[in-house]
Amino acid sequence: MPAIKISGITNKEDAKWAAILGVDFVSVSLMEGDPRKTSDEMARNICQMLPSYTEVILELDSPNSLSKRRIEKISPVYISTPLETQESGENIGDGILSIRKLEKLGEATQDAEIIEIRIGQDLDEEVFSGLVSEFSNFPLIIEGDLELPLIKSICSRYQMRAWSVRNIISRSPRRIDYSLMKEYIREISLW
């Protein structure tokens with residue numbers, strides 16, 4: 001069973017429910033143009049309130065879009081930025097929406113760098129398989145709002161650190177439907 005990540009958390013209540021339900025990672029966005037963009041203060045509040053078993057990922061437009069001091073004030077566990085070869089928000093094609101690099105702040109650990117591949121409904125299996133091969137030296141997080149049987153199929157074929165979901169459990173871009181989140185987490189935990 002992969003770990004679970006909920007992307008685009010915008011408020012403390014959604015973050016609290018993610019932690020209560022045992023989510024391993026949550027992300028907060030400070031990316032320009034993201035409908036789930038939050039403030040530095042809200043990102044900091046979310047980081048401070050979550051238990052240590054739920055790690056916070058801060059999504060940025062680029063490695064230099066925030067000063068080191070601002071990042072330290074927010075205090076996330078990971079920083080997520082697009083790979084150098086890809087512009088923020090770029091649709092790569094063949095169902096690959098973006099590739100991001102997560103870097104752990106502080107001490108070096110086994111998961112100091114993680115690659116996150118965001119996929120769409122029109123995923124080309126061959127292209128995806130090639131990317132998984134290319135990044136096989138890194139723990140992988142796959143993000144995609146796919147139906148649970150397809151997620152299970154992908155998880156059974158590929159080793160990954162976590163599966164991430166964003167839109168499928170949302171009531172709106174800024175709120176999560178807790179019953180959908182609970183159902184999603186329960187299904188994955190049974191695999």
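For an R0 of 35 angstrom, estimate the FRET efficiency from the Cβ-Cβ distance between Asp94 and Arg69 and round to the nearest 0.05.
Working: r = 39 Å, r/R0 = 1.13.
E between Asp94 and Arg69, to the nearest 0.05, is 0.35.
Please give the length that would be gained between Ser136 and Leu180 if that part of the chain were fully extended, namely 0.36 nm times their separation in residues minus their C-alpha to C-alpha distance (nm, one decimal).
Working: separation 44, 0.36 × 44 = 15.84 nm, distance 3.14 nm.
Net length gain for the segment: 12.7 nm.
If you only keep lysine pairs separated by 8 or more in sequence, or across chains, how many in the chain come under 24 Å at the Cα atoms?
27
With a length cut of 18 Å (Cα positions projected on each helix's long axis) and a Kyte-Doolittle mean of at least 0.5, go through the chain and give me the DSSP H helices that pass.
Numbers: long enough: none.
Length and hydropathy pass: none found.
For Ile176, enumerate residues with amide H under 5 Å from its amide H, sequence gap 5+ or separate chain, H modeled in the peptide plane.
Arg171
Would you kindly state how much longer the chain becomes between Leu148 and Ser189 on full extension, computed as 0.36 nm times their sequence separation minus their alpha carbon distance, in nm to one decimal?
Working: separation 41, 0.36 × 41 = 14.76 nm, distance 1.18 nm.
Roughly 13.6 nm would be gained on extension.
Where both residues lie in the chain, what percent of DSSP beta bridges are antiparallel, nearest 5? Let's see the in-between values first.
Working: 15 of 37 bridges.
Bridges in the chain are about 40 percent antiparallel.
Counting only helical runs of four or more DSSP H residues, what would the 222 nm mean residue ellipticity of the chain come to if each run contributes -39,500 (n - 2.57) and the total is spread over all its residues? Write down the numbers at each step before the final one.
Values: 6 runs with 58 residues, N = 191.
That calculation yields -9000 deg cm²/dmol at 222 nm.
Could you pull out the GluC sites (Glu not before Pro) across region 117-191 that fall in loop regions by DSSP (anything but H, G, I, E, B) with no more than 14 other Cβ atoms inside 10 Å? Show your work: numbers first, answer last.
On the way: sites: Glu125, Glu126, Glu134, Glu143, Glu147, Glu183, Glu187; in loops: Glu147.
In loop regions of region 117-191 (DSSP not H, G, I, E or B), the sparsely surrounded GluC sites (Glu not before Pro) are Glu147.
To check my understanding: the extent here is largest minus smallest coordinate of the Cα atoms along each principal axis. What are those three numbers for region 3-189, in Å, largest first?
Sorted from largest, the Cα extents of region 3-189 read 42, 38, 32 Å.
No lab work stands behind these numbers, since they all come straight from the coordinates. Every value quoted in this text rests on a predicted model; they were computed, and no experiment measured them. Because the Cβ atoms are built from the backbone with ideal geometry, glycine has one as well, and the counts that use them run over all protein chains shown.
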